[in-house]
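First comes the structure, then the notes that go with it.
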Amino acid sequence: MELTCVTVDCSDPERLVRFWSEALGWKIQHSGAEGAYCNPPRGGPGLEFIHVAESKTAKNRLHLGTRDDALDEEIARLIGLGASVAWEEQFAVGWPYRNVVLRDPEGNEFCLGNEPRR
């Protein structure tokens, strides 16, 4: 078995594929009212956005984790693209990195941290 994509149910696939492709620097492969898809420039699993009638009603059970060394600047850039800050994780004093939970334009949570690369 091979992971090919992560699928997100949403009300506006075109809006979300634009947000995520800009946020991640990925290429849009397909965009339409019923579904859209973007993937990383070097290959690998992409993000698929499928139109559904119902709206999001609770916290995501699955979310994307992202990182950037310039955390505050990246948060500002993502807000400019339509994201919003949900909360910042609270760690013990001296913890070596920060992690902020944001929401995409439809309210789907994702993490942005400045932890070291793995």
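Say whether the condition of being surrounded by 16 or more Cβ atoms within 10 Å (Cβ to Cβ), modelled with pLDDT of 95 or more and assigned to a helix (DSSP H, G or I) is met by at least one residue in the range 37-46.
No: zero hits.
Condition first: surrounded by fewer than 16 Cβ atoms within 10 Å (Cβ to Cβ) and out of contact with any Asp or Glu (no Cβ under 9 Å at 6 or more places or on another chain). Now tell me which residues in the range 96-116 satisfy that.
Of everything in the range 96-116, those that are surrounded by fewer than 16 Cβ atoms within 10 Å (Cβ to Cβ) and out of contact with any Asp or Glu (no Cβ under 9 Å at 6 or more places or on another chain) turn out to be Gly107, Glu115, Pro116.
Under 8 Å between Cβ atoms, at least 6 apart or on separate chains: pull out the pairs that start in the range 26-48 with a residue that is under 13 Å from Cys10 (Cα atoms) and end on any residue that is in a loop (DSSP other than H, G, I, E, B).
From residues that are under 13 Å from Cys10 (Cα atoms), the pairs are Leu47/Trp26.
The values are calculated or read from the model by the stated rules, or taken from the named source; none is laboratory data. The structure presented is a predicted model; accordingly, all values stated were derived computationally and were not measured. For neighbour counting, all protein chains shown are included, and Cβ atoms are generated from backbone atoms with ideal geometry for every residue, glycine included.
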